[in-house]
There are 2 protein chains.
Amino acid sequence: MPNNPATILDIAKRLNLSKSTVSRALRDHPDISQTTKEAVRRVAEELSYMPNAVAASFRYKRSKVIGLIVPQISYFFFPSVIRGIEEIVYKNGYNLLILQSNESFEREKENLNILVANNVEGILVSVSRKTKDFSHFKHLIDRDYPLVFFDRVVTDLEADCVLVDDVTASFNAVNHLIDRGRKKIGICTGNLNLLISQNRLKGYKMALQHRNYPVTDDYIVSCEWPDEAEKRTMELLNTANPPDAIFAISDLTMSGVMKAIFRKGLKVPEQIAVIGFCEETFRTMYNPPLSVIHPMGFEIGQASAELLFERINNNAREKIPYRTVYLEGTLEIGGST
Amino acid sequence: MPNNPATILDIAKRLNLSKSTVSRALRDHPDISQTTKEAVRRVAEELSYMPNAVAASFRYKRSKVIGLIVPQISYFFFPSVIRGIEEIVYKNGYNLLILQSNESFEREKENLNILVANNVEGILVSVSRKTKDFSHFKHLIDRDYPLVFFDRVVTDLEADCVLVDDVTASFNAVNHLIDRGRKKIGICTGNLNLLISQNRLKGYKMALQHRNYPVTDDYIVSCEWPDEAEKRTMELLNTANPPDAIFAISDLTMSGVMKAIFRKGLKVPEQIAVIGFCEETFRTMYNPPLSVIHPMGFEIGQASAELLFERINNNAREKIPYRTVYLEGTLEIGGST
DNA sequence: ACCGGTTGCACAACCGGTTGCGAAGATAAT
DNA sequence: ATTATCTTCGCAACCGGTTGTGCAACCGGT
């Protein structure tokens with residue numbers, strides 16, 4: 001049983017005015033007299049009129065909404081990103097439509113369709129780990145649809161991207177572990193389909209090679225979920241020659257790593273050191289607070305939204321060239337190394 | 001620089017057909033011949049046609065979108081709720097528009113306007129802790145706009161609500177602490193403007209009275225954010241007669257409580273016991289895993305969405321009476337008590 | 001040849017807000 | 001009094017997809 005919200009026409013009828021006059025009165029158009037404006041506003045209030053944004057955006061293609069697709073809203077990274085995005089979005093007078101792909105390629109494609117079908121003026125995406133085919137994005141980019149990738153960006157596609165310099169940050173993190181005297185350093189990485197996982201693994205390997213440490217697959221575990229991270233880390237800890245330090249590439253993997261360490265009863269950092277990409281809220285949940293690389297969630301959100309608005313607001317004839325923004329993921333030393 | 005997406009008219013022109021025929025062909029209407037349907041589908045593919053959902057929803061008021069307003073997407077409770085909601089929403093062929101109020105009354109009102117202005121067919125809300133005036137909700141409910149409150153529900157307003165039986169669950173939690181021999185039980189609660197905080201405090205007090213324990217304000221700390229929870233808990237722990245157990249009413253407060261305990265260097269559960277409303281992912285992040293009351297996030301999400309769809313799909317003449325669904329927050333004993 | 005029924009499609013209205021254009025009435029300038 | 005200008009507002013089109021209605025063309029039966 002829906003409702004009959006008052007329209008602009010209801011106001012017009014009450015005052016024996018035309019639609020256009022009411023519309024202009026509400027938008028404070030100079031053509032309309034002060035008395036009429038006041039009358040219109042009074043009746044609007046009386047009928048508790050609420051403008052139907054869809055009608056206007058439908059006609060003029062300015063929905064004032066931008067869309068966001070994230071793999072999932074859990075833990076602390078993506079919520080931080082969202083806060084960063086919201087800040088910029090609200091500042092520009094826009095609103096944000098949030099969708100989760102739940103790490104599903106199909107859901108991601110469908111979400112993209114939903115956003116386009118709903119006339120959003122631009123889209124921010126962090127791709128799902130299942131996504132190997134990027135044609136659904138390419139279609140939009142080819143049409144100059146404003147689109148910015150962040151964190152989990154895509155390869156082989158000309159587009160705006162915002163991410164931390166993963167290789168360098170990982171290099172620094174592992175270097176730090178070596179500085180602290182760790183000899184056997186493991187890595188708990190995510191799905192290697194993702195560029196971000198590849199790059200963080202690359203930084204890890206580079207650091208080992210740089211310090212003339214051996215690189216062995218035995219110390220590399222790759223996992224999709226915290227459960228799996230816990231399981232694989234536990235297997236690693238149970239080997240004859242377990243690592244004395246672990247680098248976790250995200251808060252999800254870190255969560256699994258820490259669970260395994262807890263269950264194994266190891267002392268951090270005495271028996272095993274731990275470092276990873278973790279937001280402040282997350283790192284301080286542990287005792288002692290973890291040593292981390294700051295994943296820059298908030299800043300990534302801000303930067304992505306800013307890039308997007310540059311594209312949205314670009315009325316110039318010439319196209320903005322595609323840009324990639326790298327943020328520096330700084331090291332924060334806690335008690336876990 | 002926007003784009004010119006293909007419309008149904010472009011397809012019609014190419015094939016010398018009318019708009020209506022193309023529309024019906026795409027929707028597989030029986031009136032249209034198989035050959036025409038195939039031709040339409042071929043051209044649609046060729047032009048990479050994407051239907052403009054706004055146009056249709058604008059005309060027929062069936063946007064197939066429902067809106068969600070949460071205070072914030074952090075920690076683990078609301079993400080769980082969102083997963084529960086999504087399950088039901090997708091099953092019904094709808095989509096979900098997520099907005100954060102960021103605990104701001106103004107933002108909440110604005111978000112509500114945005115959702116209505118965007119023709120969502122129903123709204124799910126967990127109110128901000130700043131909200132004391134509920135007239136913005138009342139306007140909608142009076143118009144039979146489908147609206148369901150969950151978790152942080154409202155008082156003095158006839159509406160559908162979904163929440164855990166907070167009084168009973170809290171009663172059980174504190175009872176459990178007493179069973180474990182704790183004598184001085186503190187509570188870290190949230191903003192007492194919220195009914196949920198009031199009820200959880202009520203359950204706490206009832207349990208103490210039930211077991212003939214004194215109820216003193218000295219053991220009651222109320223806080224808005226994890227930072228504040230940490231600070232207030234620390235103050236409590238530093239008093240001459242600190243509690244030997246703390247009941248935290250949410251994962252946010254629990255996070256602060258645990259930080260204070262860590263900083264104070266207390267052993268859990270030897271020196272201090274801890275229990276609270278925490279999702280599984282959160283409770284197992286600690287070592288040992290916490291004793292908790294299951295906050296039923298996923299189930300709350302499911303139940304709220306189901307109530308909402310009952311209202312959305314109700315074409316009957318008579319109105320559905322408002323219902324309140326209570327879920328049981330079961331106790332899960334971990335190592336913290 | 002006539003009639004009833006079916007098939008396949010076109011026409012036009014509709015949703016609500018915005019805006020270009022035009023026009024009536026008031027006022028000012030000549 | 002006539003013309004030019006300004007003020008204030010109405011008319012109608014538009015956005016894109018959906019659907020009620022209508023109507024040719026065709027088919028089969030008598």
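Evaluate region A:117-130: report whether one residue or more is within 16 Å of DNA strand D (Cβ to nearest atom), among the aliphatic types (A, V, I, L, M) and in contact with a strand residue (DSSP E or B) (Cβ under 6 Å, 6 or more places away or on another chain). Can you show your working first?
Step one: list which residues in region A:117-130 are within 16 Å of DNA strand D (Cβ to nearest atom), which gives A:117-121.
Okay, now just the ones that are also among the aliphatic types (A, V, I, L, M), so A:117, A:120.
Next cut, in contact with a strand residue (DSSP E or B) (Cβ under 6 Å, 6 or more places away or on another chain) only: A:120.
There is at least one residue in region A:117-130 that is within 16 Å of DNA strand D (Cβ to nearest atom), among the aliphatic types (A, V, I, L, M) and in contact with a strand residue (DSSP E or B) (Cβ under 6 Å, 6 or more places away or on another chain).
Does region B:265-279 contain at least one residue that is of a type in the set (G, A, S) and closer than 24 Å to B:G329 by Cβ? Give the steps one after another, and end with the answer.
Applying the first criterion (of a type in the set (G, A, S)) to region B:265-279 yields B:265, B:273, B:276.
The next check asks that each one be closer than 24 Å to B:G329 by Cβ; those that pass are B:273, B:276.
Yes, region B:265-279 contains at least one residue that is of a type in the set (G, A, S) and closer than 24 Å to B:G329 by Cβ.
Enumerate the strands (runs of 3 or more DSSP E) found wholly within region A:190-294, keeping only those where 1 or more residues are of a type in the set (F, W, Y). Break it down stepwise before answering.
Values: elements: A:220-222, A:245-248, A:273-277, A:291-293.
In region A:190-294, A:245-248, A:273-277 are the strands (runs of 3 or more DSSP E) which contain 1 or more residues that are of a type in the set (F, W, Y).
Return the only residue of A:S135, A:S128 being on the phi < 0 side of the Ramachandran plot and open to solvent by less than 10 Å² (accessible area, probe 1.4 Å). Even if it seems obvious, please write down each step before you answer.
Details: A:S135 fails: open to solvent by less than 10 Å² (accessible area, probe 1.4 Å).
Within the list A:S135, A:S128, the selection yields A:S128.
Would region B:81-93 turn up any residue that is within 13 Å of DNA strand C (Cβ to nearest atom), modelled with pLDDT of 90 or more and not aliphatic (A, V, I, L, M)? So that I can check it myself, show each step before the final result.
Narrowing region B:81-93 to residues within 13 Å of DNA strand C (Cβ to nearest atom): none.
No: zero hits.
Does B:A6 count as within 9 Å of DNA strand C (Cβ to nearest atom) and on the phi < 0 side of the Ramachandran plot? Don't jump to the end; show me each part of the working.
Working: within 9 Å of DNA strand C (Cβ to nearest atom): no; on the phi < 0 side of the Ramachandran plot: yes.
In short, no.
In region A:156-164, is there at least one residue being farther than 16 Å from A:L124 by Cα and modelled with pLDDT under 95?
Yes, there is a match, as at least one residue in region A:156-164 is farther than 16 Å from A:L124 by Cα and modelled with pLDDT under 95.
Consider B:P30 carefully, then state whether it is within 16 Å of DNA strand D (Cβ to nearest atom), over 20 Å from the mean Cα position of the chain (by Cα), open to solvent by 30 Å² or more (accessible area, probe 1.4 Å) and more than 11 Å from every other protein chain (Cβ to nearest Cβ). Don't jump to the end; show me each part of the working.
Values: within 16 Å of DNA strand D (Cβ to nearest atom): yes; over 20 Å from the mean Cα position of the chain (by Cα): yes; open to solvent by 30 Å² or more (accessible area, probe 1.4 Å): yes; more than 11 Å from every other protein chain (Cβ to nearest Cβ): yes.
Judged against the criteria, B:P30 is a match.
Here is a check on your reading of the model: is A:K91 more than 7 Å from chain B (Cβ to nearest Cβ), in contact (Cβ under 8 Å) with a residue 12 or more places away in the chain and open to solvent by 20 Å² or more (accessible area, probe 1.4 Å)? First the steps, then the outcome.
Numbers: more than 7 Å from chain B (Cβ to nearest Cβ): yes; in contact (Cβ under 8 Å) with a residue 12 or more places away in the chain: no; open to solvent by 20 Å² or more (accessible area, probe 1.4 Å): yes.
Spelling it out, it is not the case that A:K91 is more than 7 Å from chain B (Cβ to nearest Cβ), in contact (Cβ under 8 Å) with a residue 12 or more places away in the chain and open to solvent by 20 Å² or more (accessible area, probe 1.4 Å).
Considering only region A:59-79, state which residues are more than 8 Å from every other protein chain (Cβ to nearest Cβ), within 20 Å of A:N315 (Cα to Cα) and not in a strand (DSSP E or B).
A:R59, A:Y60, A:R62, A:K64
Can we say A:K19 is touching a helix residue (DSSP H, G or I) at 6+ places or on another chain (Cβ under 9 Å), near DNA strand C (Cβ under 10 Å from one of its atoms), open to solvent by 70 Å² or more (accessible area, probe 1.4 Å) and not assigned by TED's automatic domain parsing to the domain that holds A:F282? Give the steps one after another, and end with the answer.
Numbers: touching a helix residue (DSSP H, G or I) at 6+ places or on another chain (Cβ under 9 Å): yes; near DNA strand C (Cβ under 10 Å from one of its atoms): yes; open to solvent by 70 Å² or more (accessible area, probe 1.4 Å): yes; not assigned by TED's automatic domain parsing to the domain that holds A:F282: yes.
Judged against the criteria, A:K19 is a match.
Quick test of your reading of the structure: B:I82 fulfils all but one of (1) outside any helix (DSSP H, G or I); (2) open to solvent by less than 10 Å² (accessible area, probe 1.4 Å); (3) facing another protein chain (nearest Cβ under 8 Å). Name the failing condition by number.
Answer for B:I82: the failing condition is (1).
Tally time: how many residues in region B:28-56 are under 24 Å from A:N119 (Cα atoms), at pLDDT below 95 and within 13 Å of DNA strand C (Cβ to nearest atom)?
Residues that pass the stated criteria total 5.
For region B:173-190, give me each residue that is surrounded by fewer than 20 Cβ atoms within 10 Å (Cβ to Cβ) and of a type in the set (S, T, N, Q). Lay out the reasoning, then the answer.
First, the residues of region B:173-190 that are surrounded by fewer than 20 Cβ atoms within 10 Å (Cβ to Cβ): B:175, B:178-181, B:183-184.
B:N175, the sole residue that qualifies.
The values are calculated or read from the model by the stated rules, or taken from the named source; none is laboratory data. Just so we're clear, the structure is a prediction, and the values are computed from it rather than from any experiment. FYI the Cβ positions are ideal-geometry reconstructions off the backbone, even for glycines, and counts take in every protein chain you see. Areas reflect the complete protein model, heavy atoms only, side chains present, ligands, DNA and RNA absent. Shrake-Rupley method; radii C 1.70, N 1.55, O 1.52, S 1.80 Å.
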